[in-house]
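Each reported figure results from applying straightforward, stated rules to the coordinates on display, with no laboratory input. Quick caveat: nothing in here was measured; it's all calculated off a predicted structure. Every residue, glycine among them, receives a Cβ derived from its backbone with ideal geometry; neighbour counts consider all protein chains shown.
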Amino acid sequence: MSERTALPDVRGAAALHTRAAGRRRAWNRHLLGYALVAPLVLLMVGVIGYPLLNTVLLSLRDQGVVGSSSHFVGLANYQRVLGDGEFWAAIGRSGVWLAGNLVVQTVIAFATALLIGGNGRWARGARTWTLFPWVIPAVAVAVIWQWLTNSNYGIVPKVADAVGVHGLGSPFGDTALAMPALILMNSWHWFPLGAVVIYGAMRTIPGEIYEAARVDGASAWRMFWRITFPLLQPVLFALGLVGSLWSFNIVDSIYLVTKGGPVNATTTAPVFIYNKAFNEFQASDAAAVSVVTIVLLAALAFVYIRVARPKEDQ
Amino acid sequence: MRFRTARRVAVAAVGLAVVLPVTACGGSSGPAGGGGGNDKTLTLWHMEQPPNRVAAFQKVIDAYNATNPEYKVKAQVQDWNQVYTKISSAVQSKTQPDILFTIPDFTTYVRPLGVVRPVTDLVKELDQEHHFVEAAKAAYHDDDQYWAVPLYGMVQMLWYRKDLFAKAGITEAPKTWSELLADAKKLTTGKQHGIAVPAGKNLATDQVIYSLMLTGGAGNFFTPSGEVDFDKPQAVAALSLYAELLKLSPSDAGSYSWGEPQAAFNSGAAAMAIEKGQYLSPFEKESGRPASDLGCAPIPQADSGGQPGSIYYSNAAMILSKDDARAKGAEEFLRFVLKPENYGTFLNAEPGLFLPLTADGATAPSWTNNEVIKKYRGCVDAMLEQSKTGALFGFVDGQYIDSIGKISGQNILAQVVQRVYNNGDSPAEAIKWGQQKMQEAVSR
Amino acid sequence: MTAALRWHRVPRLLGMAALAVLVLGPLYWVTMSSFKDREEILRGTPTLIPEHPTLENFRELFTATDYPTYLTNSFIIAILSAFFTMLVSFAAAYGLYRLRIPGANKVAGLILVAYMIPGTLLLVPLYQVFATFELVDTRNALVIVNVAFTAPFCTWLLRGFFFAIPRDIDEAAAVDGAGPVRMMLRIVLPLLAPGMSTVAVYTFVFSWTEFVFASQLLISDDLKTLPIGLSAIMGQYTVNWGLLMAGTVCTIVPAIVPFLFAGRYFVGGLTAGAVK
């Protein structure tokens, strides 16, 4: 804020006045800023923070049926949880779930983004209908895919039959196939979001870069790896981070279809927590598992940010 | 100066943005939602969600409300998957419903929350007037008190396609396990499967395997003192039979619940199924075949040491009202439901599936005049007969195992089946695992 | 020349076909089945087009179930959620990224942590909180939950948009004598239209498909939303497949409506936010 003064000996006082006014303006601006951020913070504290606190406190007690009376037992639940093989198995499965979803969704989303990036009628229409799987509630997705793959009336086994692959049935009842099938089903549900993000990001890459590369004789593949991919790093980083966190905590898509079975093949950490709390009636155990899971996730996110953060400052 | 007013405006706007969602638009039923709100309205929670059931129950409720009772009844339909958390939350915030429909294991879950009122006098009175089936009451009898009023029963039968049987040259329904297996093998040709039994991790699997355990003599999982006694040779035998039946079922039985075996049965992809009475009502419409093609028989018994039986689910109503006057109102409603002239309307929410569990209910015209009941009179009578030997694990022979909810909640029986079917465990190993799992569940 | 062109096109055409089959195939099948009678749906040899097309399933959906009620509730909750999320996230993003109050990075970190929490155990404590404020069994409770779950992400999303708007506008406006609020509402907000559309559509879809909390917090039948209604059709012990198909179709179709309005912005919008 520059302030013009006529006389040199007034400049000092004027400067002081300016600085004070500036500070006051800054303080007012900060107040406005805090007021604007307040609703978000309040919501998060109330809807997420308080239940989280409740969970942490619960993990130190011995509550059985959710809501029943309990006593303080300190860290006993944590000791049990950390030594429970099934818990670590669930974490392992969560890792598989996470990696699987990340890879499949990214690949499909990228491929889709490339396909819908045209100017023709097909591309423009595709930009709308590609979003449909995302708009369907998880309940419907579960129903549709179980129904489509049923060996008796499902269309997928019938089509497979026609091309020579016989004897297919619903993969959700098979220990080896259930997890991959669920990953595919979940990816079908969520890939449109990633596709749209990547598509938009690709649109911001100026066409001249590609033109120049083409003149230099670069193939499509090389252009993709040398131009597109690196320029999309920030987007992919962000998408990967948030997308992974969301994926990790998905319960309904898995539970509605297999309830974690068969023989725990699809019991990821959130499903494990749900089972513990509401089917085994061990609310405090479930709380302890939740806390440990959050800590693990936070550590993972920290590592991810350190390692994968693109060079430009976030 | 402008800054200050601007700031005030900003703060006010933001404050409004927080307050608006909480108070203004959006509509609500307000605090009356969970129960106890409106002074003269009792809330009733039931979990029979399909539209036809909701409509039928509503009819009975409307008829009751039309008699101008002191307390009117309002139904709020819940989801079985959600009701466990909902009832805990509701009880904690003192907004629980006045009447809560239940099944035996759900009652063991709700009772520790401390709001279930004993209904011994009412049950005794109704028993005198209508004569309950013993199995119906037994599942709610503990500590010399009755904790719920039985309302409708469900029992399993062996369903079979008479047309497919005729084609394979089988004239009679199987009566023993070896006959069952033999028939199923004979009927498995080409795209047709002899039988369709479920192996998903769900209640459907629990129920079917349990019926076979009962007829194999392994229906009681507990010693008289309440210890887990699941690991028995008879249980292993039942599981072995089930594994054989699964081999003859469609290949993706591992994901089956209630809908899939029924769909297979109705489309002719499977010739037999073991289930409750829900097979009656949609049979003609879904299979395109006449009603005479639907056959029913008691569940086959083990060749030796077997006994007649089937899983029996007594569905009842608990009263959770906070004060005595409301509880009396709730009792009035339950009396109304069990009266023969109203009982039929109630049961025909799902004709054939919901069975009367009173003597005068079984002969009530309001029930027997229903299309489906008339058409399948033979099977209905067979089910009523089977009810007499019905039982439910945890409540066998007058038992009352408090922690049974933890066993059914985790679908331990289904998990045992999956260990054999999916994991390749031997039946003996799987049963041992089941024993251990049940002990863990019960001990904590 | 033509030969080279055709070679290039084959993978692309294959991809387009695959995408169409993958996305539209299942939806087509579900829609066709909703017009079939119960026997035809279960047939071992499926029919691509219904033999005796019937509207019976839809008739049952509209008369026997409370579908119109569910639809209305879903719309009301989704639109309210979208509106309030726009409000909250715009305000927060403005404060964080425009007014540059200290702690912006900490808030970003907080947002990340919020999404790490498994939702399961939030159910019961949240119910208690709402019960204390007598908000159980109200649409408002769901709106609050939806806004709480989407606003953090949307705030973070708007960040990129804010960076795209040059600071000189602030300066110019200040010289013109505009107060901060005026600047915020009259000048910056309109420039953020694509971003706000994105936020609105994202929140709408989130609310539309949200099932777990809706099922937990709503008790009365006249407040239930579409996912709850759909799951109710799959009752215990038996499934009315025709009704289920019709219900699924009628859950998807209305959600397409907002895309017809704001779809263009949404697709363009998600990008700019994430790029920066």
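Couple of notes before you dig in:
- Straight-line reach from B:K124: taking Cα to Cα under 13 Å and skipping same-chain neighbours fewer than 8 places apart, the aspartates and glutamates in range are B:E134, B:D144, B:E331.
- Reachable lysines, given that their alpha-carbon falls under 26 Å from the alpha-carbon of B:K186 and they are not under 8 places away in the same chain: A:K158, B:K162, B:K167, B:K175, B:K247, B:K276
- Relative to the dominant Cα principal axis of chain C, helix C:67-93 is inclined by about 20°.
- Listed residue (B:A173, B:W80, B:G190) projecting farthest to the positive dipole end of chain B, Cβ model: B:W80
- Diffusion coefficient, µm² s⁻¹, Stokes-Einstein with Kirkwood Rh over alpha-carbon pairs of chain A at 4 °C and 1.567 mPa s: 54 µm²/s
- Shape of segment C:72-138, Cα gyration tensor, a/c cut at 1.5: oblate
- From the alpha carbon centroid of segment A:80-114 to that of segment C:129-145 is 33 Å.
- Measuring max minus min along each principal axis, the C-alpha atoms of segment C:64-275 give extents of 69, 38, 27 Å (largest first).
- For segment C:1-140: rounded, prolate or oblate by the Cα gyration tensor [a/c cutoff 1.5]: oblate
- Tensor-based shape of segment B:162-243 (alpha-carbon gyration tensor, a/c under 1.5 rounded, otherwise prolate or oblate): prolate
- The protein assembly as shown, Cα convex hull volume normalised per residue, Å³: 190 Å³
- Nearest 10 degrees, 0 to 90: helix B:377-387 Cα axis against chain B principal axis: 80 degrees
- With Cα atoms, 0 to 90° folded angle of helix B:177-187 axis to chain B main axis: 90 degrees
- Charging the Cβ of each Asp and Glu at -1 and of each Lys and Arg at +1, and nothing else, the dipole of chain B about its Cα centre rounds to 1920 debye.
- Note on segment B:182-235: with charges restricted to the Cβ of Lys and Arg (+1) and Asp and Glu (-1), its dipole about the Cα centre is near 420 debye.
- Basic side chains Lys and Arg get +1 at the Cβ, acidic Asp and Glu get -1 at the Cβ, and with that the dipole of the protein assembly as shown about its Cα centre reaches some 5060 debye.
- Rg to Rh, two decimals, where segment B:363-444 supplies the alpha carbon set and Rh follows Kirkwood: 1.19
- Cut-off under 5 Å, modelled amide H: who pairs with B:F222 long-range: B:D229
- Partner aspartates and glutamates for B:K94 [C-alpha distance under 16 Å; skip if fewer than 8 residues away on the same chain]: B:D39, B:D323, B:D324, C:E134, C:D137
- Furthest towards positive pole of dipole, B:A316, B:Y343, B:I407, structure part segment B:298-430, Cβ charges: B:Y343
- Applying a length cut-off of 27 Å (Cα extent along the axis) and a mean Kyte-Doolittle floor of 1.6 to the DSSP H helices of chain A leaves A:283-308.
- The antiparallel fraction among DSSP beta bridges confined to the protein assembly as shown stands at about 65%.
- Charge dipole (chain B, unit charges on Cβ, about Cα centre) - positive-most of B:A90, B:A362, B:H131: B:A90
- For segment C:82-109 versus segment B:318-336, the inter-centroid distance based on Cα atoms is 52 Å.
- Amide hydrogen neighbours beyond the local backbone of A:V73, cut-off 5 Å, H modeled: A:R61, A:D62
- Between segment B:343-414 and segment B:168-220, the Cα center-to-center distance that results, in Å: 20 Å
- Average other protein chain Cβ within 10 Å of Cβ, residues B:188-198: 1
- Sparsely packed loop sites in segment B:373-434 (the trypsin sites (Lys or Arg not before Pro) outside DSSP H, G, I, E and B with at most 16 other Cβ atoms within 10 Å) comprise B:K388.
- Relative to the globular-protein estimate of 2.2 N^0.38 Å, the Cα radius of gyration of chain B stands at 1.10.
- Cβ neighbours within 10 Å from other chains - mean over C:208-219: 6
- Under 5 Å from the amide H of B:L294 lie the amide H atoms of B:K162, each residue being 5 or more positions distant or on a separate chain, with H modelled from the backbone and absent for Pro and chain starts.
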